[in-house]
Amino acid sequence: MRRLLWTALGLGLAVIYFPLLVVLLNSFNADTTFGWPPSRFTLEWWSRAATNEGALRALRTSVEAGLAATAIALVLGTMAAFALQRYRFFGRNPVSLLIILPIALPGIVTGIALNNAFRTILGIDLGLLTAIIAHATFCIVVVFNNVVARLRRMGGNLEEASMDLGATGFTTFRLVTFPMLRSALLAGGLLAFALSFDEIIVTTFTLGTGLETLPIWIYDNLFRPNQAPIVNVVAAVLIVASTLPVYLAQRLSGDTASGGRL
């Protein structure tokens, strides 16, 4: 039974990660037709990608959108987590569900709804700002979940002891609550940025014309013969850029859960 489980695990991981490995190898493949296995390797595509204006412009847009959406998510997600975890009020569970729901909805439904809201109801032209707002709607969920989980583990004993000793609410938050929340906020922020950086469906419906994020740039140039090698390089960079925040967030969450050490 154990061997069967290990075999199933190995096959599952192979299905997921072997295509990613192929993308990484093809970014060094000297053959423009991507013959397999590669006959020889080159760094030419990497040097071209480093000077490709379209890719660099898309990268800048993705980073700007990701950082802004993450900042909004950290503020709103943390406030929502405190409100729902520390206070009891009528409709508390439905509100919690409404906060989590955006990440469970199909991206195309969210994209169409936000597109209609911005253009038809609010009369706002699509642009980077609308994409940032759209990304924040589901990035908030990641921060919210991280902060709620940490608040549940923390309890309120240390904060109560601090206030019993004469500390104000702000001082207690600054010296007691925030240090214990810091790693959860960082983990939530990293995951939110990775989620925003990779997003393509909602972005397609909420980003203005003339603007491209890196995933959209990859999709638009994937089937252009002269751009295909560069697309592999950009995709390889995207794999690394997406993996690193998730890895760091996992380490932060794991370290804190096991003993609170960073």
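The values are calculated or read from the model by the stated rules, or taken from the named source; none is laboratory data. What you are looking at is a predicted structure, and each value in this text was computed from that prediction instead of being measured. All Cβ positions, even for glycine, are placed from backbone atoms using ideal geometry, and neighbour counts span all protein chains on display. The protein model used for the area step is the full one, side chains on, heavy atoms only, and it has no ligands, DNA or RNA in it. Shrake-Rupley method; radii C 1.70, N 1.55, O 1.52, S 1.80 Å.
Quick notes on this one:
- Using the Cβ-Cβ distance between D125 and F82 with R0 set to 35 Å, the FRET efficiency from 1/(1 + (r/R0)^6) comes to roughly 0.50.
- Contour excess over end-to-end distance, with Cα ends at L21 and I200 and 0.36 nm allotted per residue: 62.3 nm
- Per residue, the solvent-accessible area of region 1-109 (1.4 Å probe, heavy atoms of protein chains only, all protein chains present) comes to 69 Å².
- Highest-MSF residue in the chain out of F193, F170, F28 [GNM, Cα springs under 10 Å]: F170
- Here the spin labels are modelled as points 7 Å beyond Cα on the Cα-Cβ line, and at N157 and R182 they lie 2.2 nm apart.
- Pairs of alpha carbons in region 63-222 whose separation is greater than 23 Å (percent): 46 percent
- Given charges at Cβ of Lys, Arg, Asp, Glu: region 152-215 dipole, positive-most of F193, G208, G156: G156
- One decimal place: the segment S39-T7 gains 8.4 nm when fully extended, by the rule 0.36 nm per residue minus the C-alpha distance.
- Computed from the C-beta positions of L175 and L222 and an R0 of 41 Å, the FRET efficiency is 0.20 to the nearest 0.05.
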